[in-house]
Amino acid sequence: MVARLLVTVMVGVLAALGPWQTAAARHHHRAADAIPGQFDYYLLSLSWSPAFCLQTPGAAECHGPRRFGFIVHGLWPQNEHGWPEHCAGRELPGEVADGMSDLMPARGLVFHEWSTHGTCSGLDPAGFFDLVRRAYIGLVLPGSFTHPGTPVQQSPAAITAAFLQSNPRLPADSVVATCSTQGAPRLREVHVCFDRKLKPRSCSREALRQGCQAESLIVPPIR
């Protein structure tokens, strides 16, 4: 009975966190004795909002006058093997979180990303989210993703190639397309790797293994 109750509670907690957090939980582990500022590179995670909204239609980013395409999931400190999480750090001021609403429309996501990943950057909250913004605006999103009105079926390699073509400075193995693992594979996220000064670099083997293995995946349209 106790074991069954614990399983029930955990399922409820994961459901409450939402897909953007459960996805992170599936793919991340905490490095032992994580120390702020001690890591090898950054991974910028861009979430394809239309796919998220199919799973969680009640989310804030899925309503209102603006329809989102890619939003920033996070900027994650990474190591060549493993990655730090939940380092000791300052509390995130509300005004800093509010200032990210154009890139990260769910306020809870901003707080989650700071506590889980930003605290390991060695930066203060304002400095970290300034870096997040700089990483995002330094990318050119492929034109096919600016406002697709109909579903598109593409291979993960084609999606990666579109990012590389729009951003010639990116090395070939610095971009990874990930997809949903339940039902028909849909584009979930695109990951782009940078060094600590936001210069493009190759992703680690660990990060590359997160890429979608499906022959093709569906890119849901912006509505």
Legend entry - Whole-number percent relative contact order across the chain, with pairs defined as alpha carbons under 8 Å at least 6 apart: 23 percent
Inset, instruction - With a point put 7 Å past each Cα toward its Cβ, work out how far GLN153 is from LYS199 in nm, to one decimal. - result: 4.3 nm
Inset, instruction - State the percentage of accessible surface on the chain attributable to carbon and sulfur atoms; use a 1.4 Å probe and exclude ligands, DNA and RNA. - result: 57 percent
Inset, instruction - Measure out, as a whole number of angstrom, how far apart the alpha-carbon centroids of segment 168-223 and segment 92-150 sit. - result: 17 Å
Legend entry - Accessible area in square angstrom per residue, the chain, 1.4 angstrom probe: 50 Å²
Legend entry - Longest DSSP-loop-exposure-free segment, GluC sites (Glu not before Pro), the chain, at most 14 other Cβ within 10 Å: 92-214
Legend entry - Correct option for semi-axes √(5λ) of the Cα gyration tensor in Å [calculated from the coordinates] among (i) 25, 23, 19; (ii) 34, 21, 15; (iii) 26, 19, 19: (i)
Inset, instruction - Treat each spin label as a single point 7 Å out from the Cα along the C-beta direction, and report the ARG90 to GLN213 distance in nm. - result: 4.3 nm
Inset, instruction - Hand me the trypsin sites (Lys or Arg not before Pro) from segment 130-202 located in a DSSP loop with no more than 11 other Cβ atoms within 10 Å, in residue order please. - result: ARG169, LYS197
Inset, instruction - Would you mind telling me which residue in GLY108, GLY37, GLY122 has the biggest mean-square fluctuation in a Gaussian network model of the chain, where springs connect alpha carbons within a distance under 10 angstrom? - result: GLY108
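The values are calculated or read from the model by the stated rules, or taken from the named source; none is laboratory data. This is a predicted model, so every value here is computed, not measured. Note that we place each Cβ from the backbone using ideal geometry, even for glycine, and neighbour counts take in every protein chain shown. All accessible areas refer to the heavy atoms of the entire protein, side chains included, with ligands and DNA or RNA removed. Shrake-Rupley method; radii C 1.70, N 1.55, O 1.52, S 1.80 Å.
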